[in-house]
Amino acid sequence: MKTLPSDIRIAPSILSADFATLGSQVQTVLDAGARVIHIDVMDGQFVPPITMGPIVVEALASQVKEHGGVLDVHLMIENPDRQIEAFAAAGADTIVVHYEADLHLHRTLGAIREAGVLAGVAICPGTPVEVLAEVGDLLDLALVMSVNPGWGGQKFIEGTVERIARLKDLLGPEIAIEVDGGIDAATAPLVVEAGARLLVAGSAIFSKPDVPAAYSAIAAAAGAS
Ligand code: DX5
Ligand code: ZN
């Protein structure tokens, strides 16, 4: 059975990595201590950019799992239910779909778990956290976007801290809260204090000249392993 680390973790987002050397970029963060690798899938519909698909998950799966790591797959796509099988087969440990992109969220979350994958829902900054109340028993993780989805390198939206705290109260301690967008050594402690356990960071890690040092600085600020 797939599981998430139970302690606070930084999840490097490969969206900001150098794709010409993706394997070695991932190795660098694994060596620095990362055990959750975040993969941003975009379809040019739900969000304007097009990024990557199951083929990239498959390419990284054995390397990440050999280190005891997990692949955290964030689907910023319309009709995510159509892609569950492909991402599960590619080696995804989590599949996180957007509340705003799926008319049949309850069914989709059930299908993700049935595929043997941890189920998650992401909510955009304009979506009330309370929409997740009805699906709490189908969730392994809930992702609060702290920027509008689509691009790395955006500024952290301050109101996210209060949203995380509200969602934590709503869902209870069992469901991991993930936060994504604008996370660096300054914002990391704020979201941990509010109750987040998985902190996605892209540009604050991969756009820095010293990637291991950037990872370690955020991990230290967050009190993460
Ligand atoms: C944005 C993606 C993020 C992105 C975060 O839509 O979901 O995972 O990589 O990038 P930073 O950490 O640079 O805000
Ligand atoms: Zn993401």
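The values are calculated or read from the model by the stated rules, or taken from the named source; none is laboratory data. Bear in mind that the values here come from a model prediction, so they are computed numbers and not experimental data. Don't worry about glycine lacking a Cβ; one is built from the backbone with ideal geometry, like all the others, and counts go over all protein chains shown. Ligands, DNA and RNA are excluded from the accessible area calculation, which covers all protein heavy atoms including side chains. Shrake-Rupley method; radii C 1.70, N 1.55, O 1.52, S 1.80 Å.
Hey, can you find the accessible area per residue of the chain for me, probe 1.4 Å, expressed in square angstrom?
Per-residue accessible area for the chain comes out at 41 Å².
Roughly what would the spin-label model give for Asn148 and Phe19, points 7 Å off Cα along C-beta, in nm?
Inter-label distance under the simple model: 2.3 nm.
Using a simple charge model, +1 on the beta-carbon of Lys and Arg, -1 on the beta-carbon of Asp and Glu, nothing else, what dipole does the chain show about its Cα centre, in debye to the nearest 20?
Numbers: 13 positive and 28 negative charges, 57 e Å.
Once rounded to the nearest 20, the dipole reads 280 debye.
Could you tell me what percent of the accessible area of the chain is made up of carbon and sulfur, with a 1.4 Å probe and every protein chain present?
Carbon plus sulfur share of accessible area: 53 percent.
Under the √(5λ) rule applied to the eigenvalues of the Cα gyration tensor, what semi-axes describe the equivalent ellipsoid of region 1-110? Give them in Å, descending.
One finds semi-axes of 23, 16, 12 Å for region 1-110.
Would you mind getting me the FRET efficiency between Lys155 and Asp210? Use the beta-carbon distance for r and R0 = 30 Å, nearest 0.05. Provide the component values of the computation, followed by the final result.
Working: r = 23 Å, r/R0 = 0.75.
Working from the Cβ atoms, E equals 0.85.
Which whole number of Å³ per residue matches the convex hull of the alpha-carbon atoms in the chain?
Per-residue hull volume (Cα only) is 106 Å³.
Dividing the alpha-carbon Rg of region 1-63 by 2.2 N^0.38 Å yields what?
Cα-based Rg divided by the globular estimate yields 1.20.
Count the lysine pairs in the chain whose Cα atoms lie under 27 Å apart, taking only pairs 8 or more positions apart in sequence or on different chains.
5
Between Asp7 and His104, what is the label-to-label distance in nm when each label sits 7 Å out along the Cα-to-Cβ direction?
Result for the modelled spin labels: 4.2 nm.
So in region 9-222, what percent of DSSP beta bridges are antiparallel if you round to the nearest 5?
Taking every DSSP beta bridge with both residues in region 9-222, the antiparallel ones total about 5 percent.
For region 1-20 and region 140-180, what is the centre-to-centre distance using only Cα atoms, to the nearest Å?
One Cα centre to the other: 16 Å.
Please identify which residues in region 90-132 have an amide N closer than 16 Å to a label point set 7 Å out from the Cα of Leu170, following the Cα→Cβ vector.
Backbone N within reach: 97-102, 105-106, 120-132.
Per DSSP H run of n ≥ 4, the term is -39500 (n - 2.57); total these for the chain, divide by its residue number, and report the mean residue ellipticity at 222 nm rounded to 500 deg cm²/dmol.
Mean residue ellipticity, 222 nm, calculated: -9500 deg cm²/dmol.
For region 92-170, compute Rg over Rh where Rg is the Cα radius of gyration and Rh is the Kirkwood radius from the inverse mean 1/r over Cα pairs.
Rg/Rh for region 92-170 comes to 0.97.
Return the loop-located GluC sites (Glu not before Pro) in region 98-202 (DSSP other than H, G, I, E, B) with at most 13 other Cβ atoms within 10 Å of their own Cβ; answer none if there are none.
Glu158, Glu174
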